[in-house]
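Here the structure comes first, spelled out in structure tokens, and everything after it is commentary.
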Amino acid sequence: MFRQVTPAFTRYAGFTRLLSTETKEAIEKAVASAPVVLFMKGTPDQPMCGFSRATINLLGQVGVDPEKFAAYNVLEDQELRDGIKEFSEWPTIPQLYVDKEFVGGCDIVTSMAQTGELTELLEEKDVLVPEDE
């Protein structure tokens, strides 16, 4: 359904600290890697939590173009998992970014889908599969 982009984040073992410059830069690069970016548990083909699955399903239902989408599996890297929460100042995963801007987690995305705001945002950013395809 969507292509998976595998992050190359450096691992740090055993202690909690503020977001490092290196991790911040890696997250900024990931956020800029595609117009629509999802940090999730698992992959689009194999989500590892219900919230990640629900978010992927919503993005698929509204018709996000797979060529304009990247997903990062936070379960592959603890630094990413901790860092993305600090980067966005949002405590949960999944986290959706559109055009380098943080949109929200599953609850926000679900609410936006129900009101039509999600489709409007994605149409405005021209990231949906063209209707003639």
Next on the checklist: I need the strands (runs of 3 or more DSSP E) fully contained in the range 44-133, keeping only those with at least 2 residues that are modelled with pLDDT of 95 or more and in contact with a Pro (Cβ under 7 Å, 6 or more places away or on another chain).
Outcome noted: 69-73
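A quick yes/no check of all residues on (1) surrounded by fewer than 23 Cβ atoms within 10 Å (Cβ to Cβ); (2) not basic (Lys, Arg):
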position	(1), (2)
29	yes, no
48	yes, yes
64	no, yes
76	yes, yes
83	no, yes
86	yes, yes
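If you scan the range 64-102, which residues turn out to be among the hydroxyl-bearing types (Ser, Thr, Tyr) and without any contact (Cβ under 8 Å) to a residue 24 or more places away in the chain? First the steps, then the outcome.
Of all residues in the range 64-102, those among the hydroxyl-bearing types (Ser, Thr, Tyr) come to 72, 88, 92, 97.
Selection gives 88 alone.
Step by step: first the residues of the range 31-43, then only those that are within 20 Å of residue 92 (Cβ to Cβ) and not in a strand (DSSP E or B), then the one that is most open to solvent (accessible area, probe 1.4 Å). Which residue is that? Walk me through how you get there before you give the answer.
Step one: list which residues in the range 31-43 are within 20 Å of residue 92 (Cβ to Cβ), which gives 31, 36-43.
With the extra rule that they be not in a strand (DSSP E or B), the set shrinks to 31, 41, 43.
Working: 31: 8, 41: 51, 43: 27 Å².
Top of the filtered list is 41.
When you look at residue 10, is it surrounded by 18 or more Cβ atoms within 10 Å (Cβ to Cβ), at pLDDT below 95 and of a type in the set (S, T, N, Q), yes or no?
Numbers: surrounded by 18 or more Cβ atoms within 10 Å (Cβ to Cβ): no; at pLDDT below 95: yes; of a type in the set (S, T, N, Q): yes.
Judged against the criteria, residue 10 is not a match.
The values are calculated or read from the model by the stated rules, or taken from the named source; none is laboratory data. Because the structure is predicted, anything quoted here is derived from the model rather than measured. Neighbour counts are summed over all protein chains in view; Cβ atoms, including those assigned to glycine, are modelled from backbone coordinates with ideal geometry. Accessible surface areas use protein heavy atoms only, side chains included; no ligands, DNA or RNA. Shrake-Rupley method; radii C 1.70, N 1.55, O 1.52, S 1.80 Å.
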